[in-house]
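Peer 1: One structure, as structure tokens, below. Some questions next.
The values are calculated or read from the model by the stated rules, or taken from the named source; none is laboratory data. Model, not experiment: these values are computed from the prediction. Positions of Cβ are backbone-derived with ideal geometry, glycine not excepted, and every protein chain shown enters the neighbour counts. SASA here: full protein model, heavy atoms, side chains in, ligands and nucleic acids out. Shrake-Rupley method; radii C 1.70, N 1.55, O 1.52, S 1.80 Å.
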Amino acid sequence: AAIHSVRAVPAAQLGDVAGWAAAHDAPLHAHLSEQPAENEACLAYHGTTPTGLLAGAGALGPRTTAVHATHITRADLTTLGGSGTGVCLCPTTERDLADGIGPARAIADAGSPLSLGSDSHAVIDLFEEARAVELDERLRTRRRGHFGAGELLRAAGPAGHRALGWTDAGRIAVGARADLVAVRLDSVRTAGVEPVGALFAATAADVDLVLVDGAVVVRDGRHVRVDVPAELTRSVAVSYGEDVA
């Protein structure tokens, strides 16, 4: 279930969506405090922050994922972390839209599991999203070493699966979904690095094999079901009104 944002869904209906998600044990997602203007409008109209409004509607908790959470207050941090609400960061989108850098380390320390998304799809590269969490924190604080590779890998994998309600994914174990990604360690970017270190060096171009529920979707770096470059070329041409056969 999704509450796009407190700007898009009337306050009186927030509880309806949250109630449906709870009744069906379904994940609930909501864009939250992506821009300062969202906070200002919510405070002016409702007298509380978007986080406070969602909390009052019973929309926060372990099944909920707040997307962005870029401009949250200290009180919001405590509310999100204390309720176990997850936060999905979308660093390349937040960068592309000039929305700002969210307090990733403070969010994680407050108790909110971090996951990663691409949102506007300005970039489709989970490696870039993951390392941007650390690199953006460096820019914001002018200090290094906020997140280790293990934390970023959890955000990119298992935490993302949980945010989608897929508790049987994100690990290699009997009975779990066979969702696996193989990354080349012999490209000009990854040669000589330890496997976990590839997180800071690899790009989407280094993905060699992808299995979804055990079925091969990408082999030798190419999608086996869709000619992705051709489809992208076609869709761009259509968007510009060109005649495509």
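Peer 1: When the dipole is taken about the Cα centre of the range 88-152, and only Lys, Arg (+1) and Asp, Glu (-1) are charged at their Cβ, what size is it in debye, to the nearest 20?
Peer 2: 400
Peer 1: Then there is this: Provide the solvent-accessible area of residue 161, counting protein heavy atoms only and rolling a 1.4 Å probe, rounded to the nearest 10 Å².
Peer 2: About 40 Å², ignoring ligands and nucleic acids.
Peer 1: Quick one: dipole size for the chain, taken about the Cα centre, charges +1 on Lys/Arg Cβ and -1 on Asp/Glu Cβ, in debye to the nearest 20.
Peer 2: 640
Peer 1: At 222 nm, what helix-only mean residue ellipticity would the chain give, in deg cm²/dmol to the nearest 500, using -39500 (n - 2.57) for each DSSP H run of four or more?
Peer 2: Calculated mean residue ellipticity at 222 nm is -11500 deg cm²/dmol.
Peer 1: Turning to a different aspect of this structure: Can you give the angle from 0 to 90° between the axis of helix 228-239 and the longest principal axis of the chain, with both taken from C-alpha atoms, to the nearest 10?
Peer 2: 50
Peer 1: Work out, step by step, the length gained on full extension between residue 235 and residue 189: first 0.36 nm times the residue separation, then minus their alpha carbon distance; give nm to one decimal.
Peer 2: Taking 0.36 nm per residue and subtracting the Cα distance, the gain is 13.6 nm.
Peer 1: Pairing the Cα long axis of helix 11-23 with the longest principal axis of the chain, what angle in degrees results, from 0 to 90 and rounded to the nearest 10?
Peer 2: That works out to roughly 60 degrees.
Peer 1: Which loop trypsin sites (Lys or Arg not before Pro) in the range 1-92, with loop taken from DSSP, have no more than 16 other Cβ atoms within 10 angstrom of their Cβ?
Peer 2: Of the trypsin sites (Lys or Arg not before Pro), the ones in loops of the range 1-92 whose Cβ has at most 16 other Cβ atoms within 10 Å are 7.
Peer 1: Between residue 205 and residue 23, what is the label-to-label distance in nm when each label sits 7 Å out along the Cα-to-Cβ direction?
Peer 2: For the pair residue 205/residue 23, the computed spacing is 5.1 nm.
Peer 1: Treat each spin label as a single point 7 Å out from the Cα along the C-beta direction, and report the residue 78 to residue 141 distance in nm.
Peer 2: The two pseudo-label positions are separated by 2.1 nm.
Peer 1: What do you reckon, how do 40, 151, 34, 137 stack up by accessible area (1.4 Å probe), largest on top?
Peer 2: Sorted by accessible area, descending: 40, 151, 34, 137.
Peer 1: Let me ask you something else. Considering only the other residues whose Cβ falls under 15 Å of the Cβ of residue 73, what net charge follows from Lys and Arg at +1 and Asp and Glu at -1?
Peer 2: For residues surrounding residue 73, the net value is -3.
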